[in-house]
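Notes for the one structure printed next.
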């Protein structure tokens, strides 16, 4: 017997899923922090005078960008424990699943982030960096005071889009047993023996739509804020 559509179940699913937002947020936050470190390293390699470093960085980015995220997640989840056991005799089978999700998404996100950083750097040109050095700024001051604020304005739209994609890619975490928002939704469906699947997925869609709109608005406001000085300079 087919159950009738129940709008009330959408609300019940929302109430049950929202407490797991913290897990999803922890995955995204951990991924962003680790991916930034990896992306900066990749960017530095791509700007290196050593050809083999550039080739390694290009190869990594191309391989990662061509690998489906769910495949990469399974490779990391099953591969790291085997490597740890074979090389260091460490049993990682009981470690937290969130670690594997963050590692796999960081590998994926860092490739995109490295290209965003590179495109922003190329849009600015090295001349501004050299001009900042010529007036007495240290390399770190030139990056922090000249390159970073301008590069951030250029990169913000792409950063916002990639962060939205990261939130959505994070929903794959339930495939290895991590109970985040998507995992909580699937638990609700399982407890109801497959009933209310449509209502539960609508509830999940509402949450992800809301998160997407919030992220878009945050990045639009950031873009307007950091573009003020640039518009004033162009008008002058």
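So which residue, out of 153, 71, 32, gets the largest mean-square fluctuation from a GNM of the chain using Cα contacts under 10 Å as springs?
71
Can you tell which of 20, 129, 77 shows the greatest fluctuation in a Gaussian network model of the chain with Cα springs below 10 Å?
Ranking 20, 129, 77 by mean-square fluctuation puts 129 first.
Between residue 144 and residue 187, what FRET efficiency follows from the Cβ-Cβ distance if R0 is 41 Å, with the result rounded to 0.05?
0.35
With a ≥ b ≥ c taken as the square roots of the eigenvalues of the C-alpha gyration tensor of the chain, please select rounded if a/c is under 1.5 and otherwise prolate if a/b is larger than b/c or oblate if it is not?
Here the chain falls in the oblate category.
Could you order peptides 78-87, 8-17, 140-149 by the average number of other Cβ atoms within 10 Å of their residues, highest first?
8-17, 140-149, 78-87
Counting other beta carbons within 10 Å of each residue's own, what order do 91, 58, 180 fall into, fewest first?
The most exposed by this proxy come first: 91, 58, 180.
Considering only C-alpha atoms, what is the centroid distance from the stretch 99-115 to the stretch 7-56, in Å?
If you average the Cα positions of each part, the centres end up 6 Å apart.
Could you check which residue among 122, 73, 105 shows the biggest mean-square fluctuation in a GNM of the chain with a 10 Å Cα cutoff?
Of 122, 73, 105, the Gaussian network model singles out 122 as fluctuating most.
As an exercise, use a Förster radius of 35 Å and the Cβ-Cβ distance of residue 8 and residue 165 to find the FRET efficiency, rounded to the nearest 0.05.
FRET efficiency, residue 8 to residue 165: 0.60.
Determine the calculated [θ] at 222 nm for the chain from helices alone, applying -39500 (n - 2.57) to every DSSP H run no shorter than 4 residues and normalising by the residue count; nearest 500 deg cm²/dmol.
-26500 deg cm²/dmol
Between residue 133 and residue 224, what's the calculated FRET efficiency when r is the beta-carbon distance and R0 is 35 Å? Round to 0.05.
Using R0 = 35 Å, I get an efficiency of 0.70.
Percent relative contact order of the chain, based on C-alpha pairs within less than 8 angstrom and at least six residues apart?
31 percent
Just so you know, all these numbers are worked out from the coordinates, no wet-lab data involved. Small disclaimer: the values here were computed from a predicted structure and weren't measured. Glycine also receives a Cβ, built like all others from the backbone with ideal geometry; neighbour counts cover every protein chain displayed.
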